[in-house]
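Report on the structure given below.
The values are calculated or read from the model by the stated rules, or taken from the named source; none is laboratory data. Everything quoted here is computed from the prediction, not taken from an experiment. Here the Cβ positions follow ideal geometry from the backbone for every residue, glycine too, while neighbour counts run over all protein chains shown. In case anyone asks, the SASA skips ligands and DNA or RNA and just uses the protein heavy atoms, side chains included. Shrake-Rupley method; radii C 1.70, N 1.55, O 1.52, S 1.80 Å.
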Amino acid sequence: MVRLSWQRMFIAVASMNLFAVLYIWKTLDSRCSCGTSAVNVNHIEMKRRFENKIEKKIPSFFMWKTKSQFIHHNLSTVVESDVTFVLYEFEFFEHNLEETVKHLSEIYPLVPILIVSDLVPYPPLLFLKTMLNSNVQLISLDPGANKSSTMTSLYYFIKTKYVVFVPDASRMTSTVLSELLQFFLFLPNGHLAAARIRGQKSICLSLDVDLKRWTLTYRQNVGTKICDSLQGKHLLIWRTHQLLDLNQPLVQPFPEALFIQTTSRNLKVHISPEHLLSEGRLLFKDAHLREKQRMLDSHKRMNLYKKFGIKKVILPGNQVHWYGCEKQTSRCFGTVHNDMPEYLFLGRWTPPCCLENLRKTARHVFQILEKCEVKYWLEGGSLLGAFRSGDIIPWDYDVDIGVYADDILKCEWLKNAQKQSIVDTSGFVWEKAREGDFLRVQFSQTNHLHVDIFPFYSRNGIMTKNTWFKNHPQDREFPEHFLHPLEKLQFVGIMASVPNNIKGFLELKFGKGAVDNPQYPVPSVLKVL
């Protein structure tokens, strides 16, 4: 009878302990945002608050040797029930997956492990056939014609509340993950936690994601552990539902692509100041393998930026990398209809590579015209952009200038372009425009970004021309006195010729208030936000 009473008491105590664990976890998870002040609380203070919160929930009759044993036991239980390990970023030709998977299985034998790959790995991962742990799965995200959505969607494979991205060839102690979860629970809602690899470079970066301008700008964050992006290998912890809510939850290079998406949602990644992983085996020791990995990373990055619509990346130190059009490629947009380029309807402005190539074309034309002593001046939207900011309007797609018609004979390029298309020694194409009586200089034979050159002549003191565009309200005659004298104004990086009394000239062309109120070419169709 006594033995039966002790058994009942033991079962009751165990049940209450389990209830306490679940209650604590539910309570902490529901309060994970912890206010914005939690961002500035150091990890030691976080740990103290966490331990105090748990201690209040411990039944007085429940006997543990130490409070830390209770906390570690409870969080270890959570790890085994609410976490999935994911190994994603690895190379087929050089990896440490077998040892990494075995290591994780030994520490947490009940935690699901997903090896995720864009393609079916080759050479095949034969060690998976010998793994006794049925929790290990290989998933190929390749959308084959014979696959159902359940075979390629993470939604069907990650059933736990939290996901832990583990770098290949990394190792951890049995306490690191539970302690890192403790750190993670006190972060603002939606933020990520990261742990560094001992002995490896870890760089905290701020990131500006400007999709309207197709641009990423990275800057190094010194003296902080709260980042937009990370450089180097890190373990990451995040909530599964937030990962699956992303448009592209797993796209390479990872986690670079992940951080672009989280930054777009104003979510930060917090580096734990205390928890470190160790390196299992050094990969890519051979120079040939390192170069192969570098080339693959470059290819992945180009595909990523194409997928996300990124044309310009500014790295720390203002190092600029271009991923858009070049002289040997077509421009980034197609034929423009009704003066409204297609990118405006995508909520974007002119791709920065196109703007840069327009600047190059304009500078080239100005230098040749000045060398030939041809009088030119900025016209239309180009003059408007110069007056506002000293540059091309951010959504414009060409540069317009006027010249005196009589000066055309002074420049061989202009004179010969009236007869046939000519490619100059720098690869720019001079030709007569098909739309009317004016000339055009294109960036190249392939890339048709261009400068339009309109010949004007004076008639009774009024500047006029032979070709007019009815859908351009600003395309109108003007008094010649605006050209006597011509002035200089900063434009595309040089001093370009402009009419005098610029504001008066622009108001004559565009109307009162146009200078201070930017509008798209057809504001009735789409307005500037």
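Of the numbered criteria (1) touching a Gly at 6+ places or on another chain (Cβ under 9 Å); (2) part of a loop (DSSP other than H, G, I, E, B); (3) open to solvent by 40 Å² or more (accessible area, probe 1.4 Å), the one Arg348 fails is (3). Does Val320 count as free of Cβ contacts under 8 Å to residues at least 24 places away in the same chain and in contact with a strand residue (DSSP E or B) (Cβ under 7 Å, 6 or more places away or on another chain)? In short, yes.
Residue by residue, here is whether (1) under 18 Å from Ile494 (Cβ atoms); (2) open to solvent by 70 Å² or more (accessible area, probe 1.4 Å) holds:
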site	(1), (2)
Ile401	yes, no
Lys410	no, yes
Trp430	no, no
Arg440	no, no
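Applying the set (1) surrounded by fewer than 22 Cβ atoms within 10 Å (Cβ to Cβ); (2) closer than 22 Å to Tyr343 by Cβ; (3) of a type in the set (A, V, I, L, M) to Val423 leaves exactly one unmet item: (2). When the range 234-277 is limited to residues that are more than 30 Å from Met295 (Cβ to Cβ) and charged (D, E, K, R), the one that is least open to solvent (accessible area, probe 1.4 Å) turns out to be Arg239.
Looking across the range 247-266, the residues that are in contact with a helix residue (DSSP H, G or I) (Cβ under 8 Å, 6 or more places away or on another chain), part of a loop (DSSP other than H, G, I, E, B) and of a type outside the set (S, T, N, Q) come down to Pro249, Leu250, Val251, Pro253.
Taking the condition touching a strand residue (DSSP E or B) at 6+ places or on another chain (Cβ under 8 Å) and of a type outside the set (Phe, Trp, Tyr), does Asp516 pass? Considered against the rule, which asks whether it is touching a strand residue (DSSP E or B) at 6+ places or on another chain (Cβ under 8 Å) and of a type outside the set (Phe, Trp, Tyr), Asp516 comes out as no.
Tallying residues that are under 23 Å from Ile408 (Cβ atoms) and among the polar types (S, T, N, Q) within the range 323-378 yields 2. With respect to Ile494, determine if the residue is open to solvent by 40 Å² or more (accessible area, probe 1.4 Å) and aliphatic (A, V, I, L, M). Judged against the criteria, Ile494 is a match.
Whether any residue in the range 388-405 is outside any strand (DSSP E or B) and within 16 Å of Ile368 (Cβ to Cβ) is what I want to check. No, because not a single residue in the range 388-405 is outside any strand (DSSP E or B) and within 16 Å of Ile368 (Cβ to Cβ). Could you check the range 218-233 and list, in sequence order, the residues that are modelled with pLDDT of 95 or more and open to solvent by less than 50 Å² (accessible area, probe 1.4 Å)? Across the range 218-233, the qualifying residues are Tyr218, Ile226, Cys227, Asp228, Ser229, Leu230. Could you grab me the full set of residues in the range 351-384 that are under 23 Å from Gly309 (Cβ atoms) and open to solvent by less than 30 Å² (accessible area, probe 1.4 Å)? The answer is Pro351, Pro352, Cys353, Cys354, Leu355, Asn357, Leu358.
For the range 279-293, filtering for residues that are open to solvent by 50 Å² or more (accessible area, probe 1.4 Å), over 22 Å from Arg196 (Cα atoms) and either in contact with a strand residue (DSSP E or B) (Cβ under 8 Å, 6 or more places away or on another chain) or not in a loop (DSSP other than H, G, I, E, B) (or both) leaves 4.
Answer with yes or no whether Thr361 is in contact (Cβ under 8 Å) with a residue 12 or more places away in the chain and in contact with a His (Cβ under 8 Å, 6 or more places away or on another chain).
Details: in contact (Cβ under 8 Å) with a residue 12 or more places away in the chain: yes; in contact with a His (Cβ under 8 Å, 6 or more places away or on another chain): yes.
Criteria met by Thr361.
Thr329 meets the conditions (1) out of contact with any strand residue (DSSP E or B) (no Cβ under 7 Å at 6 or more places or on another chain); (2) part of a loop (DSSP other than H, G, I, E, B); (3) touching a residue at least 60 places away in the same chain (Cβ under 8 Å); (4) open to solvent by less than 30 Å² (accessible area, probe 1.4 Å) in every case but one. The failed one is (4). Note on the range 151-180: residues that are in contact with a helix residue (DSSP H, G or I) (Cβ under 8 Å, 6 or more places away or on another chain), outside any loop (DSSP other than H, G, I, E, B) and at pLDDT below 90 amount to 6.
Taken together, the residues in the range 112-165 that are of a type in the set (D, E, K, R) and under 15 Å from Lys102 (Cβ atoms) amount to 1.
Among residues belonging to the range 83-103 that are open to solvent by less than 10 Å² (accessible area, probe 1.4 Å) and assigned to a strand (DSSP E or B), point out the one that is farthest from Phe127 (Cα to Cα).
Within the range 83-103, the match that is farthest from Phe127 (Cα to Cα) is Val83.
Here is a yes/no grid of residues against (1) of a type outside the set (A, V, I, L, M, F, W, C); (2) part of a loop (DSSP other than H, G, I, E, B); (3) free of Cβ contacts under 8 Å to residues at least 60 places away in the same chain; (4) out of contact with any Phe, Trp or Tyr (no Cβ under 7 Å at 6 or more places or on another chain):
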| site | (1), (2), (3), (4) |
| --- | --- |
| Asn500 | yes, yes, yes, no |
| Phe505 | no, no, no, no |
| Asp516 | yes, yes, yes, yes |
| Tyr520 | yes, yes, no, no |
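For the range 199-217, the condition of being assigned to a loop (DSSP other than H, G, I, E, B), open to solvent by 70 Å² or more (accessible area, probe 1.4 Å) and farther than 23 Å from Tyr88 by Cα holds for none of the residues. Scanning the range 120-168 for residues that are loosely packed, with under 11 Cβ neighbours inside 10 Å, in contact (Cβ under 8 Å) with a residue 24 or more places away in the chain, farther than 27 Å from Ser81 by Cβ and of a type outside the set (Ser, Thr, Tyr) yields one hit, Pro123.
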